[in-house]
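Reading through the structure tokens given below for one structure.
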Amino acid sequence: MVIISRLKEKLKVLKSFKLVIFLLLVLFGMIPLSAYSVLSAKLYLSDAISQRISELQSHATIISNLVVNSNFFANDDVTELNTEINQVAEVYKGRILIIDKNLTILKDTYNLENGKTIISKEVIDTFDGKNSRYINNEGQYVEITVPINDTVTREIIGVIFMSFSTENIFVLYESMIQENIAFIAVFGVLVIFLSVIAVRTMVKPLKTLSNVIEEVASGDTDIAVDYKGYNELEQIAASYNHMLEKLSITEEARQEFVSNVSHELKTPLTSMKVLAESLIAQEDVPAELYREFMEDINNEIERANNIIVDLLTIVKTEKNQSTVVVSTVNINEFLEGLLKTLRPIAAQRNIELVYESFRDVTAEIDEIKLGMAINNLIENAIKYNYDDGWVKVSLNSDHRYFYIKVEDSGVGIPEELQDRVFERFYRVDPARSRQTGGTGLGLAITRNAILLHRGAIKVYSREGQGSVFTVRIPLNFQV
Ligand code: ADP
């Protein structure tokens, strides 16, 4: 295990951006050059050898013509031929043999085999009509055989056998390779040097950006990253700033929420403290007054409790799909159930509660969470209504969604505040809300629950005339 973790630690180096760029630069610099050096040397070698062969072949043809024209096989004292042969043999550092039909060597530039019989496959093949050439790279020589044809009969009357060393070509080839290796080595050092400089230049702006981000991160989050340079890095800086902005908005919202919660909880606590203190300050307080104050204190406790319960509900419903318990529910029965529990409250103020359903709807919902949401809407419609008013709840659907509408004849919401009523702790008329036991969290909970169902909620309202809240929920629950 220790070895593996150490190995992993070492392999981390390979993840370095610097190292990868450096290796790529070196590879791109070295591979083409090395390939070119090797190829050019090889090309030179094969070119030089084939050129040597074609030169020798043309000399062989000249010699062959001289042999025939000078009637060499009948008269072996032919100076012109001898001079040519010896010259070629000397210039190309090789050996030339002239062989007659009986495989007898009539001329050997080395003067070693004159008059002897040659038994060589290449020579016999040439008599059989095959021009042959044989190159031995390892032995570093080439052998060429060329037939000598009678000018009249075209019959092969002899063979010229040439054996030449290609050693000087190989020597040149090897020195070329050595030169190339030396060049590659020098070039390699240069490439490495330049790559190091290139990598440093490339990585430097990244470091600069990372340092700027680091500075901003360790300091005040309100300061944006100020980076001017490469477009791509400017983009990263812009994204980072965008993220900072979002974070600061979230942070502001969080702070506002905490201060709202403290404020909301402080109000009932302050009331309780005032009530309790005034009881303590008085002596011989009548029992009725005690009872009255205690009732008030109890109401405040209930208020604080309501706020805490609502806050917990908000946390539970907030963008947390994992807490959703989905079941298939008959929405008509579901709404009738909600209305049944609210009827006594409406009746207290003689508010008529009407239910209208356009069709039978069955949908996949979290009954508890959506129940809470719709309950809040109907409760508000009753709360923010006039005595003897009405509340109408209606249900409709199409092939994808079902729609619940809660209408009331109540006080309405001023147009400019209609969007804000879904904010936590927002109340149009705080005094009225408190009086009716509202926490200002009801519509925030409602909206959360509806969003959990991938639904939507809208409000239309006229001050003094009433409000309409419309809810749209998919029939099938979407994760
Ligand atoms: P609250 O606990 O104050 O009722 P809500 O979040 O449920 O909190 O509602 C926020 C505010 O929106 C309320 O304080 C009220 O001013 C306004 N409101 C909500 N529903 C209605 C309605 N049906 N008619 C008029 N005003 C409403």
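Check Asn375, Asn298 and return the single one that is surrounded by 13 or more Cβ atoms within 10 Å (Cβ to Cβ) and either assigned to a loop (DSSP other than H, G, I, E, B) or out of contact with any strand residue (DSSP E or B) (no Cβ under 6 Å at 6 or more places or on another chain) (or both). Of the residues listed, the single one that is surrounded by 13 or more Cβ atoms within 10 Å (Cβ to Cβ) and either assigned to a loop (DSSP other than H, G, I, E, B) or out of contact with any strand residue (DSSP E or B) (no Cβ under 6 Å at 6 or more places or on another chain) (or both) is Asn375.
With respect to the stated conditions, Ile413 fails to be more than 12 Å from the ligand (Cβ to nearest atom), more than 27 Å from Glu300 (Cβ to Cβ) and touching a residue at least 40 places away in the same chain (Cβ under 8 Å). Just one of the listed residues (Gly442, Gly437) is modelled with pLDDT under 90, under 26 Å from Ser271 (Cα atoms), within 11 Å of the ligand (Cβ to nearest atom) and touching a helix residue (DSSP H, G or I) at 6+ places or on another chain (Cβ under 7 Å), namely Gly437.
Of all residues assigned to region 391-402, none qualifies as being within 9 Å of the ligand (Cβ to nearest atom), crowded, with 17+ Cβ neighbours inside 10 Å and not hydrophobic (A, V, I, L, M, F, W, C). Take the conditions (1) closer than 30 Å to Arg254 by Cα; (2) assigned to a strand (DSSP E or B); Val325 misses just one of them, which is (2). Among the conditions (1) assigned to a strand (DSSP E or B); (2) of a type in the set (A, V, I, L, M, F, W, C); (3) free of Cβ contacts under 8 Å to residues at least 24 places away in the same chain, the only one that Ala431 does not satisfy is (1). Anything in region 37-64 that is among the hydroxyl-bearing types (Ser, Thr, Tyr) and surrounded by fewer than 16 Cβ atoms within 10 Å (Cβ to Cβ)? List them, or say none. Ser40, Tyr44, Ser46, Ser50, Ser54, Ser58, Thr61, listed by residue number.
Yes/no per residue for (1) hydrophobic (A, V, I, L, M, F, W, C); (2) within 23 Å of Ala217 (Cβ to Cβ); (3) surrounded by 12 or more Cβ atoms within 10 Å (Cβ to Cβ):
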| residue | (1), (2), (3) |
| --- | --- |
| Ser248 | no, yes, yes |
| Ser262 | no, no, no |
| Thr267 | no, no, yes |
| Thr270 | no, no, no |
| Val324 | yes, no, yes |
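Scanning region 416-428 for residues that are within 27 Å of Tyr355 (Cα to Cα) and more than 8 Å from the ligand (Cβ to nearest atom) returns Gln418, Asp419.
One line per residue, one yes/no per condition, for (1) part of a strand (DSSP E or B); (2) touching a strand residue (DSSP E or B) at 6+ places or on another chain (Cβ under 9 Å); (3) polar (S, T, N, Q); (4) not assigned by TED's automatic domain parsing to the domain that holds Thr470:
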position: Ala346; (1), (2), (3), (4): no, yes, no, no
position: Asn350; (1), (2), (3), (4): no, no, yes, no
position: Ala363; (1), (2), (3), (4): yes, yes, no, no
position: Lys369; (1), (2), (3), (4): no, no, no, no
position: Asn380; (1), (2), (3), (4): no, yes, yes, no
position: Lys392; (1), (2), (3), (4): yes, yes, no, no
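Checked against the criterion of being of a type in the set (Ser, Thr, Tyr), in a helix (DSSP H, G or I), at pLDDT below 90 and outside the structural domain of Thr446 (by TED's automatic domain parsing), the candidates Ser259, Ser271 yield just one match: Ser259. Any residue that is among the basic types (Lys, Arg), surrounded by 12 or more Cβ atoms within 10 Å (Cβ to Cβ) and on the phi < 0 side of the Ramachandran plot - is there at least one of those in region 3-10? Scanning region 3-10 turns up no residue that is among the basic types (Lys, Arg), surrounded by 12 or more Cβ atoms within 10 Å (Cβ to Cβ) and on the phi < 0 side of the Ramachandran plot.
The values are calculated or read from the model by the stated rules, or taken from the named source; none is laboratory data. What you see is a predicted model, and the numbers here were worked out from it, not measured in a lab. Neighbour counts run over all protein chains shown; Cβ positions are idealised from the backbone, glycine included.
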